[in-house]
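Novice: Dropping the structure in here first, questions after.
None of the figures in this text is laboratory data; all of them are computed from the coordinates on show. Computed from a predicted structure; not experimentally measured. Cβ sites come from the backbone with ideal geometry, for glycine too, and all protein chains shown count toward neighbours.
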Protein chains: 2
Amino acid sequence: MNIGIVGLGLIGGSLGLDLRALGHQVLGVSRQEQTVQRAIELGVVDDASLNLTLLAAADVVFICTPIAAIAPTVQQLIHHLSPDTVLTDVGSVKTAVVEQVTPLWHNFVGGHPMAGTADNGIDAAVSGLYAGNPYVLTPIETTPDEAVKVVEEIVRSLCSQVYFCRPEDHDRAVAWISHLPVMVSASLIDACMSEPDPAVVELAQQFASSGFRDTSRVGGGNPDLGLMMARYNRESMLRSLTAYRHSLNQFIELIEQEDWQTLEKKLKQTQLQRPPFLSKLE
Amino acid sequence: MNIGIVGLGLIGGSLGLDLRALGHQVLGVSRQEQTVQRAIELGVVDDASLNLTLLAAADVVFICTPIAAIAPTVQQLIHHLSPDTVLTDVGSVKTAVVEQVTPLWHNFVGGHPMAGTADNGIDAAVSGLYAGNPYVLTPIETTPDEAVKVVEEIVRSLCSQVYFCRPEDHDRAVAWISHLPVMVSASLIDACMSEPDPAVVELAQQFASSGFRDTSRVGGGNPDLGLMMARYNRESMLRSLTAYRHSLNQFIELIEQEDWQTLEKKLKQTQLQRPPFLSKLE
């Protein structure tokens, strides 16, 4: 198959490596000349260009740009495509993307590969990034079955675990397990810095151990990611944050009221409720 | 020196191993016959007993029981001690312990070794548990200098990093970096389970990755620990929780108001504020 990739970072680059290994013809487009060169050097693509016209003959195009650039990229790209070309994206929120892109291109299937590494950019591209990891597809009622089938087949060939769900359900689910934790964790760091006594802050910094390290990790991560989640998954994020505030208030009330029995019950519950979220990590 | 240890779990047992290796005579007391036997077998102590009278000749006694048992243990123990025996504890909250024990025994120095492993009990005891880790001592105005000196010398010989601070400052600091994260993290798990749509819960469980794993870790841990923190460090815990709720509300408001510029600024701040808490973990 002739497969295009727009955006040659970790996600797009790793996709290129796997798709080439599977025998596809892979064509890449980047906004940066340096990335175009590097993608060819690294064997991530068969050919690459700054120009979207390179993708005129593509059967399928993966849009691997940052979320904000997905719809604008599609807008430009469609002038160069034949009408039966299938488009898909890899954005980590789906409702906003599907709503923006579907009116522009009928043959569009929203997608979200849930894989990554700590690194970014074309030089971080690795083979097998998607194998064993969830890859969510979010077709809607108007999405042509044939387009879904084409994307599904490619994604299965990456050895991903394929999930299908509505864009809204995807966004609610990732709000709970990915986007909410960022704000919960950032609030922890922010709260610690509100301590008025500098001596206590210093002691806290000296005493902090693995518990603080882990709970604060995603809140001390890349600000652009946190901002993107809040911006493009705002509704689900606020829905989860409101529920979280309610849970927090319950814990605060139990401690205020010294209701140790109920607190113990709740902590026993959270201990039991956590493992089902970790089954794929074991 | 003749050193007593009451409570032969991970903390007391590991202390015994190190103190014997340093040439001290170590005497252990446990409530369980099995632990007494095991402590002798493992070489954690020179002698052990169910009976506190074993410690009559001790120069120093480390109380390594759970927090709730510290003051009751001291109450019983003091009938067997000579007046110049120095007592110290290893409880993870200090204000409540120091307030309860100081009226019972003048020669008491509050302590908190900030070390541990994932395991518990005498069989988890290891040499060198304290080396390189913080060991906080919290003498108050009435604590005899000589008693502080004795405990400090032993603790330094374990190669711990010794910190001195007021019990209240200790409790405020650990509230931020140890006790608050438990409630923040437990609230995250609790909130996820409030999702009304079972299909979304299932997707969330399938999609959860390292971000959720890390942020939820301490909230899904041993309920007894969380309960103990809330119970014995209630005041500092509520102080931190209230500040945390304020930080959380600020994040929620920024997202509600779509104030992306300020949100980005705050996320950049939390990214910069985290590393000073991790310096000893690098």
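Novice: Assume the label is 7 Å from Cα along Cα to beta carbon: what separations in nm does A:Thr117 have to the matching positions in the other copies?
Specialist: Label-point distances to the other copies, shortest first: 3.3 nm.
Novice: Would you grab the residues whose amide H sits under 5 Å from the one on A:Val60? Only those 5+ places off in sequence or on another chain, please, with H modelled 1.01 Å from N.
Specialist: For A:Val60, whose amide H was placed from the backbone, the distant partners under 5 Å are A:Asn2, A:Gly4, A:Val86.
Novice: Search the structure for amide H atoms under 5 Å from the amide H of A:Val126, placed 1.01 Å from N in the peptide plane, and list their residues when 5 or more places away or on another chain.
Specialist: Under 5 Å from the amide H of A:Val126: A:Ser14.
Novice: So what is the diffusion coefficient of segment A:8-95 in µm² per second by Stokes-Einstein at 37 °C and 0.692 mPa s, using a Kirkwood Rh over Cα pairs?
Specialist: 250
Novice: Quickly estimate the mean residue ellipticity at 222 nm for the protein assembly as shown, helices only: each DSSP H run with n ≥ 4 gives -39500 (n - 2.57), and the total goes over all residues, rounded to 500.
Specialist: Rounded to the nearest 500, the figure is -15000 deg cm²/dmol.
Novice: For A:Leu104, place a label point 7 Å out from Cα along the Cα→Cβ vector, do the same in each other copy, and report the separations in nm, one decimal, smallest first.
Specialist: Between copies, matching label points for A:Leu104 lie 7.1 nm apart.
Novice: Shifting gears a bit: Put one equal scatterer on each alpha carbon of chain A, apply the Debye formula with no solvent term, and list log10 I(q)/I(0) at q = 0.08 1/Å to two decimals.
Specialist: -0.41
Novice: Report the GluC sites (Glu not before Pro) located in segment B:189-276 that are in a DSSP loop and have at most 15 other Cβ atoms inside 10 Å of their Cβ, or state none.
Specialist: B:Glu258
Novice: Report the rotationally averaged projected area of segment A:141-187 based on its alpha-carbon convex hull, in square nanometres.
Specialist: 4.4
Novice: Provide the net charge surrounding B:Ala173, with neighbours chosen by a C-beta distance below 12 Å and charges set as Lys +1, Arg +1, Asp -1, Glu -1.
Specialist: With Lys, Arg at +1 and Asp, Glu at -1, the net is -2.
Novice: Quick one: work out the % antiparallel among DSSP beta bridges in chain B, nearest 5.
Specialist: If I count the DSSP bridges inside chain B, around 10 percent turn out antiparallel.
Novice: I would also like to ask the following. Along the Cα→Cβ direction, 7 angstrom out, place labels at A:Trp260 and B:Asp197. What is the inter-label distance in nm?
Specialist: 4.2
Novice: Still on this structure: Counting every Cα pair in segment A:132-282, what percent are over 18 Å apart?
Specialist: Value for segment A:132-282 (Cα pairs over 18 Å): 72 percent.
Novice: Considering the rotation that carries chain A onto chain B, locate the chain A residue whose Cβ comes closest to its axis and report the distance in whole Å.
Specialist: Axis-proximal residue of A, distance in whole Å: A:Asp214, 2.
Novice: Any chance you could run the full-extension gain for A:Arg156 through A:Glu99? It's 0.36 nm times the residue separation minus the Cα-Cα distance, nm to one decimal.
Specialist: Result for the pair: 18.0 nm of gain on full extension.
Novice: So if I restrict to the alpha-carbon atoms in the protein assembly as shown, what is the Rg, and what is Dmax, the biggest pairwise distance, in Å?
Specialist: That works out to 28.5, 94 Å for Rg and Dmax.
Novice: Can you tell me the relative contact order of chain A? Whole percent, Cα pairs under 8 Å, sequence separation 6 or more.
Specialist: 14
Novice: Let me ask you something else. Greater than 28 Å separation of Cα atoms is the criterion. Which listed pairs, A:Lys265/B:Lys94; A:Lys266/B:Lys94; A:Lys280/B:Lys265; B:Lys149/B:Lys280; A:Lys280/B:Lys280, meet it?
Specialist: A:Lys280/B:Lys265; A:Lys280/B:Lys280
Novice: Taking the square root of 5 times each eigenvalue of the Cα gyration tensor, what semi-axes in Å does the equivalent ellipsoid of segment B:80-157 have, largest first?
Specialist: Computed over segment B:80-157, the values are 24, 14, 13 Å.
Novice: Using only the Cα atoms of segment B:117-199, what do you get for the radius of gyration and for Dmax, in Å?
Specialist: Answer for segment B:117-199, Rg first and Dmax second: 19.1, 64 Å.
Novice: Take the alpha carbon atoms of segment B:1-45, find their radius of gyration, then divide it by 2.2 N^0.38 Å using N residues; give the quotient.
Specialist: 0.99
Novice: Could you calculate the FRET efficiency of B:Gln269 with B:Thr117 from 1/(1 + (r/R0)^6), where r is the beta carbon distance between them and R0 is 30 Å, rounded to 0.05?
Specialist: After rounding to 0.05, the efficiency reads 0.35.
Novice: Also, quick follow-up: Determine one quarter of the surface area of the Cα convex hull of segment B:202-247, which equals its mean projected area, and express it in nm² to one decimal.
Specialist: For segment B:202-247, averaging the hull's shadow over all directions gives 4.4 nm².
Novice: Amide H to amide H, which residues 5 or more places from B:Lys94 or on other chains are under 5 Å from it, using H placed in the peptide plane?
Specialist: Close amide H contacts, sequence-distant or interchain: B:Asp171.
Novice: Then there's this: List the distances, in nm and shortest first, from the label point of B:His79 to the matching label points in every other copy, placing each point 7 Å from Cα along the Cα-to-Cβ direction.
Specialist: Going from nearest to farthest copy, the values are 9.4 nm.
Novice: Shifting gears a bit: Based on the Cβ-Cβ distance of A:Arg245 and B:Asn2, what FRET efficiency does E = 1/(1 + (r/R0)^6) give at R0 = 41 Å, to the nearest 0.05?
Specialist: Between A:Arg245 and B:Asn2 the formula returns 0.15.
Novice: In a Gaussian network model over chain A where Cα atoms closer than 10 Å are linked, find which of A:Val44, A:Val101, A:Val184 has the largest mean-square fluctuation.
Specialist: Evaluated over chain A, the most mobile residue of the options is A:Val184.
Novice: Once phi is turned into θ = phi - 60°, what whole-Hz ³J(HN,Hα) does the Karplus curve with 6.51, -1.76 and 1.60 give for every residue of segment B:186-192, x standing for Gly and Pro?
Specialist: Computed from phi, the couplings for segment B:186-192 are 5, 5, 5, 4, 4, 5, 4 Hz.
Novice: A further question follows. Say we join alpha carbon atoms closer than 10 Å with springs in a Gaussian network model of chain B; which of B:Pro134, B:Pro113, B:Pro198 then has the biggest fluctuation?
Specialist: Most flexible of the set in this elastic network: B:Pro198.
Novice: For A:Leu158, what charge total do you get from the other residues with a beta carbon under 13 Å from its beta carbon, if Lys and Arg give +1 and Asp and Glu give -1?
Specialist: It works out to a net charge of -1.
Novice: Using the Karplus curve 6.51 cos²θ - 1.76 cosθ + 1.60 with θ = phi - 60°, work out ³J(HN,Hα) for each residue of segment B:256-264 in order, rounded to whole Hz, and write x for Gly and Pro.
Specialist: 4, 7, 6, 8, 5, 5, 5, 4, 4
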